[in-house]
1. Using a basic spin-label model with each label point 7 Å from the Cα along Cα→Cβ, how many nm lie between ILE167 and LEU93?
2. Quick one: dipole size for the chain, taken about the Cα centre, charges +1 on Lys/Arg Cβ and -1 on Asp/Glu Cβ, in debye to the nearest 20.
3. Accessible area per residue, 1.4 Å probe, Å², for the chain: what's the number?
4. Ranked highest first by the average count of other Cβ atoms within 10 Å around their residues, in what order do 116-122, 283-289, 75-81 fall?
5. Divide the volume of the convex hull of the Cα atoms of the chain by its number of residues and quote the answer in cubic angstrom per residue.
6. Cα-based Rg of region 196-267 per 2.2 N^0.38 Å, rounded to two decimals?
7. In degrees, nearest 10, range 0 to 90: what is the angle between the Cα axis of helix 39-55 and the longest Cα principal axis of the chain?
8. With an 8 Å cut-off on Cα pairs and a minimum separation of 6 or more residues, tell me the relative contact order of the chain in percent.
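The values are calculated or read from the model by the stated rules, or taken from the named source; none is laboratory data. Since this is a predicted model, take the numbers as computed values, not measurements. Here Cβ is always computed from backbone atoms with ideal geometry, including for glycine, and neighbour counts include all displayed protein chains. Just the protein is used for accessible areas: all its heavy atoms, side chains included, with ligands, DNA and RNA removed. Shrake-Rupley method; radii C 1.70, N 1.55, O 1.52, S 1.80 Å.
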Amino acid sequence: MDLFLDQVFNGIGTGAVYASVALALVIIYRTTGLLNFAQGEMALFSTFVTWWLTDQGLSIWPALLGSMVFSFFAGAAIERVIIRPVEAAKNPLNVVIVTLGLFLALNALCQLIFIKPGQEALQMPLMFPKGDFDLFGLGIQKAIIGRALVLAVECAALFLLLQKTKIGLALRAVASNPESSRLVGINPGNMLMLGWGIAAVLGAIAGTMAASRGTGGFDTSLMQQVLVYAFAAAALGGFDSPLGAVVGGLIVGVARSLTVQYVDFLQGIELVVPLGLIFVVLLFKPNGLFGRNIVERV
């Protein structure tokens with residue numbers, strides 16, 4: 001039983017990373033109706049910025065804060081300079097191709113800018129202290145608790161922003177009906193830039209948590225598998241539901257952890273089981289666990 005609970009908590013720790021990236025995917029999808037296939041590599045670049053700031057002498061948390069500020073403006077600039085001109089063509093396939101190209105470009109830039117020839121994997125300082133926290137006799141890693149708390153802070157901040165501020169109301173209005181929003185004085189373009197900036201900040205946090213593991217280093221492949229799980233989490237919870245992204249991320253994280261522990265005799269099965277879970281859920285609930293059913297009049 002202790003082993004089972006240990007794997008559940010390990011899954012929650014990794015699921016917090018998946019949920020953070022899934023939140024970023026959902027925010028962009030809600031405001032633009034687009035799937036950002038470059039979200040993982042945007043997070044990767046931000047993670048390298050965090051590492052670079054620590055390499056310059058900053059501790060991990062100030063470095064992460066600096067990376068978040070950089071990521072916000074970089075994400076907004078990507079929307080304005082790269083995505084918006086293509087999106088104006090009203091062909092979703094064009095945007096998909098551009099985000100895939102952005103995926104490759106950002107990965108190559110990370111390799112070019114931050115990694116020296118022949119250099120081994122980079123080491124990110126720890127975000128959370130080592131050791132276990134005793135909970136009724138069960139030792140839980142402090143890093144897992146820290147990741148869960150970071151995810152909780154993200155959720156609380158997004159809730160306050162989207163539900164309690166005028167900017168959040170404007171974001172929700174643009175996500176619901178851009179044309180009507182423009183008629184009441186909201187600039188949809190500014191709101192789209194803001195959405196991409198927020199998504200980039202979430203990616204910076206997720207990437208830094210993924211890299212700060214304490215075991216091994218990280219390289220340019222850090223976020224590729226994370227992005228797959230994040231897409232699965234967003235699909236499971238519903239691409240228009242931030243709550244669904246969080247719940248889906250935790251479910252996928254726990255499912256992966258249990259699969260690795262109990263079905264380890266099949267190599268690579270940890271990728272199959274969560275995606276199989278998504279397939280089953282979407283088979284009976286196509287909009288995800290928390291997705292909205294949209295009724296259109298003919």
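1. 3.8 nm
2. In debye, rounded to 20, the chain gives about 920.
3. Heavy-atom accessible area per residue stands at 50 Å².
4. 75-81, 283-289, 116-122
5. 156 Å³
6. Compared with the compact-globule rule of thumb, region 196-267 sits at 1.22.
7. Computed tilt is about 60 degrees.
8. Rounded, it is 35 percent for the chain.
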